[in-house]
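The values are calculated or read from the model by the stated rules, or taken from the named source; none is laboratory data. What you see is a predicted model, and the numbers here were worked out from it, not measured in a lab. Cβ: placed from backbone, ideal geometry, glycine included. Neighbour counts: every protein chain shown. In case anyone asks, the SASA skips ligands and DNA or RNA and just uses the protein heavy atoms, side chains included. Shrake-Rupley method; radii C 1.70, N 1.55, O 1.52, S 1.80 Å.
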Amino acid sequence: VAASLQKAGFTGPVLNGRFGLSSKDFVPGMVHAIFQNLRSPSPKDPFTVGIDDDVTQYSLAYKPMITVPKGTTQCIFWGFGSDGTVGANKNTIKIIAQNTNLHAQGYFQYDALKSGGVTVSYLRFGPEPIKSSYLIDSGCTYIAMHKKEYIYSIKARLILGVCSEGSTLVLNVPWSDEELDAKLPEPFRQLVGQKKMKVFAIDAASVAKKSGMGKLINNIMTAVFFKLSGVLPVDQALCLLKDAVKKTYKSKGDHIVGQNIKAVDAALNELREVKYPREQWAAASASEDCYLKPRDEQPPAYVTEVLDKVQVREGGELRVSQLEPDGCVPTGQTAWAKRGVAECIPVVDMDKCIQCNVCSAICPHAVIRPFLLSAGELETSPEGFDARKATGGNTYAGLHFRIQASPLDCTGCEVCTHACPTSALTMTPLPKAIESGHEKFWNFAMKVPNRGARFDPFTLKGSQFQQPLMEFSGACEGCGETPYAKLITQMFGKRLIVANATGCSSIWGGTAGWVPYTKDKATGRGVAWGNSLFEDNAEFGFGMRRAFQQRRDFLALEVENTLKDSSVKMSDQLQKLLQQYLVMRKENQHDLLLPRGRSIYHQIMEKLEPLLEGEKGNHPKIQKLYDLRDMFGRISFWTVGGDGWAYDIGYGGLDHVIASEEHVSILVLDTEMYSNTGGQASKSTPAGAMAKFAESGKATAKKDLCRLAMTYKTV
């Protein structure tokens, strides 16, 4: 650019600047800051805008600015992924644009936590064309909080700071006016009072349940919006909303349409205006200490200084110096997330529990687990911690059994309660469960030593006594993929390498910072996980397997050279173990599984490691074997991805890997459509099924991937 301007004869100053770093929204305040910098007698050159760059000091400060056309109404809706808020707001935009003379605009933000994450809908409408290609950061006149838990986790300034004085606030809460005064955090009450907001409340969750809508509150809150916004006469707006409901849900049947219309009719009867002491609220404390998470122990600084802020939408305020230059993040940090998003959590009745561990096996987020305690450990348990004598034979002798869920990690999907064969689990409101001590019960149980080594990880019950090395992921509530990924880590996790195709599993498996894969508490070993593209994930995993094989062959040569070298002095025990390893490798023996699923190669490695460490100073060749010690074990290689990868885009590579006869395991998370990108049809979609790009039903049959693989005799 500078060279082009120079050639054109331009002699003025040319400044170099960057915007949009870290995907930051480019708002009017930033543009104003850039022009102010140009006007400065000593402008920053180069400069950045949007990020807080405390390393180079190139950042420009900026403030929010209202630049939308006069008469434009700006609205923000805070929703919960899967509650229908986004879909309802899309209908709202269509209704306004098609039935008034107003111009309308909508934009929808989602975080990476799928149907359990935060959604924010930004709506604008007004008499003039709207060309504002940025989010609402000021001048909001209508704000709706559809998920009451956000009030406690997301700071009030982030929710209400964009609101104008006198704006409307709608809360989906089950509380009376008196309870609101007691339950709303002080910073929240302060901003409401200072901005003289008009507050309305509705228990939309209760209305939804009474109407048969379950957790879907979308059309209830949309009816409230049309009542309070005044954009259309209420009767006309509700008629149009019902028409939109019929169009949206007609494929679901008349019953579903009727339930939605019933919810719309019931909504306005439950809406009320909140009378609150404005001056008293305005004088409330602004201290944000109330947002600090109560934790049983002190988390790492990385969690409190970075990840907690990312989780509650303060990630945009992080400074450059707080991030690693190479982008690396530690694993296993999801244990500190404690999102607390479930309305209800499963609570066990130990009198009904048959100790089958099915609930733990099917749990998508590893939040409900079986625990085995000794009599001594049980005596130190918190009051109310109910356990029963463990059943199942001599292996369980002297132990007591307990099923426990983590209240603040659960998403409330209810999958475990439906899977329980004896109905031993009851969904209990989260506040009641915490009050009953279940948070203390979980924290205590997690400190009990893991006794998984006693049990066979290749049985359903035994696998669930193994520590899951994928926990508390950001997958959708009730996800059908994560239980399989979790189970693989319980069977092979301490020697597992995963090549993961892009898709749902790469999102819940590799969310920035909050990585659910972790390591074994006893050994420090864990999952090695890598993400590749749709088209080459099979080759990606295949390459890792080949590289590992090459390194193991090299190790075998080094072991043979060491044993042949008479100058290398070693203990008889080390010599026998190296000879045993070499015999197995020369005979090309595959991994032998010992009782309880242990790998014989790993057993040899566990015995070799301390001996090599103790004798590595005796000779450089022993030192070399010590440096290669991780190759003595046998790694379990898995190539993982969805049907979009395995059936469609990556099928050619997958077929090549299957035909190679290389020892690679393949897990296809077959949802029969492209789940991560909006539900498009794949070659796995069954004939007749409706999906995007197959609106009238898929014309062709589902590809039989397993039969195709079985044409190779080694499969």
So which pairs qualify, if the first residue must be in the stretch 533-546 and closer than 16 Å to ARG634 by Cα, the second must be buried (at least 19 other Cβ atoms within 10 Å of the Cβ) and among the hydroxyl-bearing types (Ser, Thr, Tyr), the Cβ gap must be under 7 Å, and the two must be at least 6 apart or on different chains? GLY541/THR639
Within the set of pairs 6+ apart or on separate chains, which have a first residue in the stretch 627-639 that is of a type in the set (Val, Ile, Thr), a second that is in a strand (DSSP E or B) and surrounded by fewer than 21 Cβ atoms within 10 Å (Cβ to Cβ), and C-beta atoms under 6 Å apart? ILE635/ILE497; THR639/ILE666
For the stretch 34-55, check the following and say yes or no: at least one residue is under 21 Å from ILE159 (Cα atoms), among the charged types (D, E, K, R) and outside any strand (DSSP E or B). no
Within the set of pairs 6+ apart or on separate chains, which have a first residue in the stretch 80-105 that is closer than 30 Å to THR411 by Cβ, a second that is among the aromatic types (Phe, Trp, Tyr) and open to solvent by 50 Å² or more (accessible area, probe 1.4 Å), and C-beta atoms under 7 Å apart? GLY81/TYR110
Against the condition more than 19 Å from the chain's Cα centre (by Cα), exposed (fewer than 15 other Cβ atoms within 10 Å of the Cβ) and touching a residue at least 60 places away in the same chain (Cβ under 8 Å), how does GLY392 come out, does it pass? yes
Among the residues in the stretch 494-503, are any out of contact with any Ser or Thr (no Cβ under 9 Å at 6 or more places or on another chain) and either open to solvent by less than 20 Å² (accessible area, probe 1.4 Å) or over 24 Å from VAL341 (Cα atoms) (or both)? no
Subset of the stretch 305-321, residues in contact with a Lys or Arg (Cβ under 9 Å, 6 or more places away or on another chain) and open to solvent by less than 60 Å² (accessible area, probe 1.4 Å), comes to ASP308, GLN311, VAL312, GLU314, GLY315, GLY316, LEU318
When residues of the stretch 106-154 are limited to those that are open to solvent by 30 Å² or more (accessible area, probe 1.4 Å) and in contact with a Pro (Cβ under 6 Å, 6 or more places away or on another chain), the one farthest from ASN91 (Cα to Cα): ASP137
Failed criterion for ASN357 (all others in (1) open to solvent by 40 Å² or more (accessible area, probe 1.4 Å); (2) touching a residue at least 60 places away in the same chain (Cβ under 8 Å); (3) over 30 Å from TYR302 (Cα atoms) hold): (1)
Confirm whether PRO174 is over 17 Å from VAL68 (Cα atoms) and open to solvent by 40 Å² or more (accessible area, probe 1.4 Å). yes
Candidates GLY258, GLY193 - the one that is surrounded by 14 or more Cβ atoms within 10 Å (Cβ to Cβ), without any contact (Cβ under 8 Å) to a residue 24 or more places away in the chain and either of a type in the set (D, E, K, R) or out of contact with any Leu (no Cβ under 9 Å at 6 or more places or on another chain) (or both): GLY258
Restricting to the stretch 1-29, what's the tally of residues that are of a type in the set (Gly, Ala, Ser), surrounded by 10 or more Cβ atoms within 10 Å (Cβ to Cβ) and in a loop (DSSP other than H, G, I, E, B)? 1
Tell me whether the stretch 334-352 contains one or more residues that are small (Gly, Ala, Ser), open to solvent by less than 80 Å² (accessible area, probe 1.4 Å) and farther than 27 Å from GLN404 by Cα. no
The helices (runs of 4 or more DSSP H) lying entirely within the stretch 196-267 that contain at least 1 residues which are closer than 24 Å to ASN99 by Cα are 218-229, 234-249
Requiring at least 1 residues that are small (Gly, Ala, Ser) and under 21 Å from LYS519 (Cα atoms), the helices (runs of 4 or more DSSP H) wholly within the stretch 303-419 are 358-362
